Amino acid sequence: MFASDASHEEEEGEAPVKAKRSRSEEAGGEEQVYRPVKLSRSDLYRPPTVEELNQLKEAESLFHCSLLKMQMEELLKEVALSDNRKRQIDSFIQTLTNKLTVSDLSWLAVKVPFLLVPKTTKGKFHMAPPTSVDLIGSYPLGTCTKPRVVVDLAVTIPANVLHPKDVLNQRYPRKRALYLAGLAQYLASSSDIGTMRYSCLNGNRLRPTLLLTPPDISSFSVRIHACPSPGFFKPSRFHPQRNNVRTEWYTGLQTPQSGKSSEPPTPHYNSSVLGDLLPRAHQQFLSAVSTQCSAFADGVALLKVWLRQRGLDQGTGCFNGFLASMLFAYLLTTHKVSNTMTAYQLLRNSLNFLASTDITVNGISLSKDPDSTPSLADFHNAFQVVFVDPSGHLNMCADMTACTYKQLQHEASVSMQFWDNPTVDGFHSLLMTSKPMIRTSDHVFQLCELVKLQSSCKKLNLLSELMDHSGNYVQTALPFLLSLLQQGLGQRILLLTHSLSPDPEWSVDSEAPKHKAQPPLSFGLLLRPELAISVLERGPPADSPKAAEFRRLWGSRSELRRFQDGAITEAVVWEGESICQKRLVPKQIITHLLQLHADIPPSSLRYVGAMVDDVIRTGSEVSSTGEEESLQVVQSYDDLSRKLWRLEGLPLSITAVQGAHPVLRYTQVFPPVPLKLDYSFFEREKTSRSLIPKEDKPCPAYITPITVICHMEGSGKWPHDRLAIRHIRTAFHICLGELLKKHHNYTCRPCPTHLDVWKDGLLFRIQVAYHREPQVLRESVNAEGLLVVRDNEEAQALEMATIHKPLLTSTLHGLQQEHPCFGAVCRLAKRWLGAQLFSDDITEDTADLLVASLFLQPAPFTPPGSPQVGFLRFLHLLSSFDWRNNPLVVNLNNQLTAADYIEIKNDFMASRESLPVMFIATPKDKKVSMWTKRAPSVQVKLHVLGNEQSHSFPILEPFLSAHRSPGSH
């Protein structure tokens, strides 16, 4: 205990224990250096206080362990603003407020942060000092977190600058932009203001903001919002079904005088303007709610961290900190959570609510007077996601697409599953691990030339929507493209996601960037592996009313086909013979649909779903990544296994036939290919009749032997001498060869250690095993004639070859059946290890176990659905796993319980110095890590995990997700 602890206990009324001071302090030194004190027995075993008991009870009931509680507390301290940072912010805000509260603000010519489409509109503008300057947003609310600290400042535009009819035809947004430009020009002359840049609030071009960074300080920025005075515009003017952008003004073309009723509604434009009227009301509402719940700020901070790790907190249509605060407010006001809950409980309940509530179908509202405001049905008719603010007039999720909310739902659901799993480190996985799209989605593709979306809007006839989005053709076309892809991909995908366009930033001396200047749009596919590779898209019967809709969706690719069940239906057949070709069926679908319906050519798409597969691709006629070759070997092995089981005439019966080769678990980098011998290249040896290559012929191809372990039953007839056992095994090899030759006409070659069987152009190496032989190898008689049992390398090697490897092969074979891309990920991982010259140090079995962990413990992801994403996660595992302080637990067949995990961890920590540098635990190997016992060494481990991956991973992942043109490489 330290002195600080003692002083704390003194405040609680306990007798303090005085800390000892060094002699220099007693001599009069001013600086006090506290030393650890020795506690008396009574102090050491003093009963816990009531507060300590409550904390222990809370940790036991809410957390898997007390460590998680401490981790949460440390995380909150890490993201909270320090007192020094707050003083800097307050000082800069005060300086800025003093600058803005001036008596005269003249108008100067500046760059306006607005895209003028159309060029002109009615109205007059003059510059005047702001009516008021107010702090809004997360900083005054206490929910502002690091690392991106932005303080929001609302500047009220004087009423005489605006007109009540400015809501029409972008007059208000343009005046707002002019007012911001005037403020920027005025502030530019001050030396107290650092750099200034324009941006847009959540990517909305109708709501530009001014970002200020103080001089010599880059740790925070101030974002200035120009807003009208509260109540200046009537909220009823912004009903989702009302129009505030006239078609004649926007297009510049005369339209028939048919009245306002014929004008299309402009809900997104309306919500953009209405959002500027309500920030102060929202601030008052959130402040009132937060004062009722002591953990409100901490709960919001945790949810913001969770959102940031998933890239959902920034960009157009994001779920930002404001929405996180409003979600907590909704849960508190509707009594779905209690005011007395802790931050951890608030986070769990909010994630549970998001996972179970679909507000794309049933919106939620904070309004207490729904009768005088638009109904939820009105909002649903205009927007994809509905979350209504306390005023009842604003949909706070107006810019969010249904796909973004579905992604949010999916992430919340996955997080709850992992958090409820005691074998998963929920804190590290869910709050400390980032989830970029390239490592989360199975397939990713990019729309590189955004200007093509202009023709898409024309093709899809989206003039009304384009008016509503004020000419932003990217955000106009995006929901329709997502709907089209969702319809075309159907059951092939679990989830369709897209990147959120980042908030643009540009200098105050520059023009506002065009819409096409933003980064390419990225789309992610989470696949259903069993359905994604189907080459057949079967439609409705030819006489069904839905047939016309099916033909309209697929165009010329749709054709009538007759199936084996006699049905005649519409169908689409995609190209693909091998598995690796079928994996790209989604690419064919996406390319076809976007070209047919949106005029987006294939050259504008960059598909990165299988770019790394080329390194394991084989075959000249039909391209393959090894699945077909592996399956052929497995089928041949299964046939051999059945025939071995049925053999008659053996002295002892066969109890087990097990494969012990990587190809039998689909993980051989280049699987053996059946060979047909050309006997003209060989001559026979006279004695044994063996084939010997001729000197004048080319060297024959290497034939990979496929190891098969054949266990014989136990019997008292087995000798107890190691040499005699080997002779018996040799006799069995001869007997097996004779029987296989006799019954199946296989070419066999018996040897003392194995039997080679030539079958289907493949070589199977059968090894007879006796289950007690490892034990016999451990036994020896000493000089006194006593039996001594001592483990040795020979026994361990035999046990590994005849027991552990066959068991691992059969287990991973089952994993391959559950996850079809497991084998391809293993082959990519081994290919990479071989390229780095580490194949001898990280064995094939170790590499397979590392990859298996990605499928069995994928947190915070779902199991990989494509080789590429699995390989990226393999590199990330090598680069991020703390091998020094943690064992890697591979829970094969889900045999380990939570208690086993704790036991493995405790044993690991107790014996760390004597254990391998890379410790991998399995259900059959909890304490030794037999697979990594001999390799890698410390030097190799530091090299492969500290050097090669540090180059490969940071280079490969950005390369795959880079914003490149389709033709670049």
(request) Quick one: check the C-alpha center-to-center distance for the range 383-430 versus the range 440-461, whole angstrom. (result) 25
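For the chain, what is the relative contact order in percent, using Cα pairs closer than 8 Å and at least 6 residues apart in sequence? List each step's numbers first, then the result.
Working: 1481 pairs, mean separation 79.4, N = 969.
Once divided by the residue count of the chain, the mean separation gives 8 percent.
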(message) Quick check on the range 616-818: of the DSSP beta bridges with both residues there, what percent are antiparallel, nearest 5%?
(response) 75
(message) What does DSSP give for the chain in terms of the percent of beta bridges that are antiparallel, rounded to the nearest 5?
(response) 75
(message) For the chain, what does the helix formula give at 222 nm: sum of -39500 (n - 2.57) over DSSP H segments with n ≥ 4, over the residue count, nearest 500 deg cm²/dmol?
(response) -12000 deg cm²/dmol
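List the relative contact order of the range 517-631 as a percent without decimals, with contacts defined as Cα pairs under 8 Å and 6+ residues apart. Mind dumping the intermediate values first?
Values: 117 pairs, mean separation 25.3, N = 115.
Reported as a whole number, the value is 22 percent.
Could you tell me which chymotrypsin sites (Phe, Trp or Tyr not before Pro) in the range 816-897 are loop residues by DSSP with no more than 11 other beta carbons within 10 angstrom of their beta carbon? Show your work: numbers first, answer last.
Values: sites: Phe822, Trp832, Phe838, Phe855, Phe861, Phe871, Phe874, Phe881, Trp883; in loops: Phe838, Phe861, Phe881, Trp883.
Here no chymotrypsin sites (Phe, Trp or Tyr not before Pro) fit, given the DSSP loop and packing criteria.
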(request) Over the chain, give the accessible area per residue in Å² for a 1.4 Å probe, as an integer. (result) 47
(request) Take every DSSP beta bridge with both residues inside the range 150-264 and express the antiparallel ones as a percent of the total, to the nearest 5. (result) 55
(request) Rounded to the nearest 10 degrees, what's the angle between the helix 343-356 long axis and the longest principal axis of the chain, both from Cα atoms, 0 to 90? (result) 80
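Keeping the other protein chains in place, figure out the carbon and sulfur percent of the accessible area of the range 389-483, with a 1.4 Å probe. Please report the intermediate quantities before stating the final value.
On the way: 1540 of 3020 Å².
That share works out to 51 percent.
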(request) Leaving ligands, DNA and RNA out of it, report the carbon-plus-sulfur percent of the accessible area of the range 599-670 at a 1.4 Å probe. (result) 50
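Students often get this wrong, so check it: of Lys69/Lys435; Lys514/Lys587; Lys336/Lys406; Lys686/Lys759; Lys676/Lys697, which have C-alpha atoms separated by over 26 Å?
Working: Lys69/Lys435 23 Å; Lys514/Lys587 29 Å; Lys336/Lys406 22 Å; Lys686/Lys759 24 Å; Lys676/Lys697 16 Å.
Exceeds cut-off: Lys514/Lys587.
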(message) Straight-line reach only, C-alpha to C-alpha below 18 angstrom: list the aspartates and glutamates that Lys742 could link to, leaving out same-chain residues fewer than 8 apart.
(response) Asp639, Glu648, Asp756, Asp760
(message) List the lysines whose Cα sits under 24 Å from the Cα of Lys927, skipping any in the same chain fewer than 8 residues away.
(response) Lys805, Lys905, Lys941
(request) Keeping every protein chain in place, order Ile709, Ile803 by accessible area at 1.4 Å, biggest value first, i.e. largest first. (result) Ile803, Ile709
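Filter Lys111/Lys459; Lys86/Lys304; Lys119/Lys165 down to the pairs with a C-alpha to C-alpha distance above 25 Å, please. Each step should come with its number before you reach the end.
Numbers: Lys111/Lys459 34 Å; Lys86/Lys304 19 Å; Lys119/Lys165 19 Å.
Pairs exceeding the cut-off: Lys111/Lys459.
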(message) Compute for the chain: radius of gyration divided by Kirkwood radius, i.e. Rg/Rh, restricted to C-alpha atoms, rounded to two decimals.
(response) 1.05
(message) If you filter the range 627-704 for chymotrypsin sites (Phe, Trp or Tyr not before Pro), then keep DSSP loop positions with at most 13 other Cβ within 10 Å, what is left?
(response) Tyr702
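Mind ordering 572-583, 188-199 by average Cβ neighbours within 10 Å, highest first? Could the numbers behind the result be given before it?
On the way: 572-583: 18.4, 188-199: 15.2.
Sorting 572-583, 188-199 by mean packing, highest first, produces 572-583, 188-199.
The values are calculated or read from the model by the stated rules, or taken from the named source; none is laboratory data. The shown structure was predicted, so the numbers you read here are calculated from the model rather than taken from an experiment. Note that we place each Cβ from the backbone using ideal geometry, even for glycine, and neighbour counts take in every protein chain shown. Accessible surface is based on the protein model in full, side chains and every heavy atom, while ligands, DNA and RNA are left aside. Shrake-Rupley method; radii C 1.70, N 1.55, O 1.52, S 1.80 Å.
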